[in-house]
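**Student:** Can you keep this structure in mind? I'll have questions shortly.
The values are calculated or read from the model by the stated rules, or taken from the named source; none is laboratory data. These numbers were taken from a predicted model, which means no experiment stands behind them. Quick reminder, even Gly has a Cβ in these numbers, built from the backbone with ideal geometry, and neighbours come from all protein chains shown.
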Amino acid sequence: MQDIIADTNQQESKSANLANQLSAERMWSMNEKELNFEEWQKTIPEMIRSEKFWSLIAYQKALYLYDLLWLDTKIWMKDDRGQTLSKQIIGSADSVCSNIEEGFGRGYGKQYLQFYNYSLGSARETKGRIYRAKAFFSRDTLYRWLRLASEVVALILTEINRQKGR
């Protein structure tokens, strides 16, 4: 039994090390200079780009915002208030993408539209959280993230209206 536990722990450790290494490599490529949207798109693995939800620009912009926020909030972890805000803003930004992904997994119809509405709510929440976390952003960064979050909201609204018209 101990051998099985030791083997499992060793496998988990290897997986965690690999995940950390991959994460560090990706962050390094994004931190070298802030990637614009088109440059960032090229960093996304084919396994994600081949999914149907990737065809939605709203999804792509939401994932881009998530990645940018992930990198920015890393330094917030040194402050107790920043830790709380970081978890909340990353959670809401993640929810935008997750709900689009789940909606696509459900197919078309009422449930599909319902998950777009969840995603819209999360996008608006993310936008509000960006503003409330303004103490952690430079003025330029704050307005850049607010514009991107507003664009995500508008793109999701456009898709909701398009789906309602079907």
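**Student:** Filtering the stretch 122-137 down to residues that are at pLDDT below 95 and surrounded by 14 or more Cβ atoms within 10 Å (Cβ to Cβ), which residue is nearest to Ser92 (Cα to Cα)?
**Tutor:** Restricting to residues being at pLDDT below 95 and surrounded by 14 or more Cβ atoms within 10 Å (Cβ to Cβ), the top hit is Ala133.
**Student:** OK, next. When both residues are 6+ apart or on different chains and their Cβ atoms are under 6 Å apart, which pairs have a first residue that lies in the stretch 91-117 and is assigned by TED's automatic domain parsing to the domain that holds Leu69, and a second that is part of a helix (DSSP H, G or I) and of a type in the set (Val, Ile, Thr)?
**Tutor:** That search, which allows pairs on different chains as well, returns Ser92/Thr126; Ala93/Thr126; Tyr116/Ile160.
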